[in-house]
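One structure is given below, encoded as structure tokens.
The values are calculated or read from the model by the stated rules, or taken from the named source; none is laboratory data. Because the structure is predicted, anything quoted here is derived from the model rather than measured. Backbone-built Cβ (ideal geometry, glycine too); neighbour counts: all protein chains shown. The accessibility values were calculated without ligands, DNA or RNA, using every heavy atom of the protein model including side chains. Shrake-Rupley method; radii C 1.70, N 1.55, O 1.52, S 1.80 Å.
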Amino acid sequence: MEDMGKQAGKKNVSSFFSRKLRSARRTELQPLMAPAPIGVAGEGPTVQAGAKGAKKKAGSRLWMRFDRTGQSEVAELDKSAIIRRASIPTRDLRILGPIFSHSSNIIAREKAIVINLEFIKAIVTAEEVLLLDPLCQEVLPFVEHLRQQIRLNSPSKVHGHVHDDVQGKKMLSTEGQWLHNEKGEDEEELPFEFQVLEVALEFVCTYLDSSVSDLERNAYPVLDDLAMNVSTKNLERVRSLKSNLTRILARVQKVRDEIEHLLDDNEDMAQLYLTRKQIQNQQFEALMASATSNSIVLAPNLTRLNSNVRGSASFASFPSDDNNVEDLEMLLEAYFMQLEGTRNKILSVREYIDDTEDYVNIQLDSHRNELIQLQLVLGIASFAIAINTLVAGLFAMNIPCDLFQVSHIFTPFVAGTSAGSFLIFLLVLAYARWKKLLGS
């Protein structure tokens, strides 16, 4: 009993010390297992911050900004920044997205123009241009061309100087505004937004016209080869050519229809005058400010007179040519005619393809008719030979006949039956020619 008590005491002491050691180790490991707090360098906050940055980066896209002087900068902007900067609705950014990449749109908003022409996707305001994805291979030439044109027409370089254009007209650089010179004549320069629109239309029309010219240059040799030799290889080349032609015709037609839609509606064209609307808003704000100051200074009995003065001043401040879209109409008509010419090129190539297909079909029909005639001749010959075979089959039967006893009759008999079969062949062939079933 005493030994058992000693052993139990030893077990209790050892279990007590083991519990103490486990609790001490747990206490030492708690600071190491605790998560790092926010603001202290640790893996958890760094990963979260990186995830947030990646999320922000995923929602932003690369844009290039051009101002009136041709200065440019590239930045990553998200949708909210673009909406605040250009004052456009969210759906306009969807038009510039990849879903509508093959559509053509020129949309006028209160303070911006949304341009989606082929690979050119831009937002134009009265003061700047925001170009989407400027580092694409197709957009880089347009960026250089736009920079050159903006710097060429920059107000800092040509302000106050008169220039002669190609048509001999005189234009006064006035930052896109209408001004009156000392003689009272109106001198005009295209506003900034129309300069950008003209560069975009010129680049797109030139690109489409060059694509059509390349296609036209490659089309005629392929079609001539098909006309000379109808083979599987040539047919496959023509099929590829026709699909490319249909695709580029659809692209030209979309740009042409968009310009035609603008030309048919003067109100839509008037909405594209961003500089004019900006000037009118500034004049209206200045007029309202002066009217407010005058209403405070003037006596109450002159209120009606003051209102009449304000009404006449507002009528004088806002010109009556708000719907005057002659310059924009001339600009759009020029590129509309260019696209019409490009479209006529495509239609002429398509007409040549149709003519080649008709010629090939005629050739195939002619070969088919020749095969039918050959089949008819062979059928007539088979009929004549079948008659001779019938006679031979009759005499080949094992039936007693006196002709078998006559000597030297085989050769004249075979010659006679063969001559009769050939005569039947000629008669049937003459009948077929008489009925014009066979060619001459």
What trypsin sites (Lys or Arg not before Pro) in the stretch 356-440 are in a loop by DSSP, with at most 11 other Cβ atoms within 10 Å of the Cβ?
Lys435, Lys436
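Give the Kirkwood hydrodynamic radius (Å, one decimal) of the stretch 369-440, defined as one over the mean of 1/r across all pairs of different Cα atoms.
Details: mean 1/r = 0.0712 Å⁻¹.
14.1 Å is the Kirkwood radius here.
Which of the pairs Lys121/Lys254; Lys79/Lys254; Lys233/Lys436 have their Cα atoms more than 25 Å apart in this structure?
As for pairs spanning more than 25 Å Cα to Cα, those are Lys79/Lys254; Lys233/Lys436.
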Whenever you get a sec, line up Asp257, Asp264, Asp209 from highest to lowest accessible area (probe 1.4 Å, protein heavy atoms).
Asp264, Asp257, Asp209
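Ignoring ligands, DNA and RNA, please state the percent of accessible area on the stretch 190-273 from carbon and sulfur, probe 1.4 Å. Intermediate values should be presented prior to the final figure.
Numbers: 1890 of 3910 Å².
That fraction is 48 percent.
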Using DSSP to define loop residues, name the trypsin sites (Lys or Arg not before Pro) in the stretch 183-286 whose beta-carbon has at most 13 other beta-carbon atoms within 10 Å.
Lys183
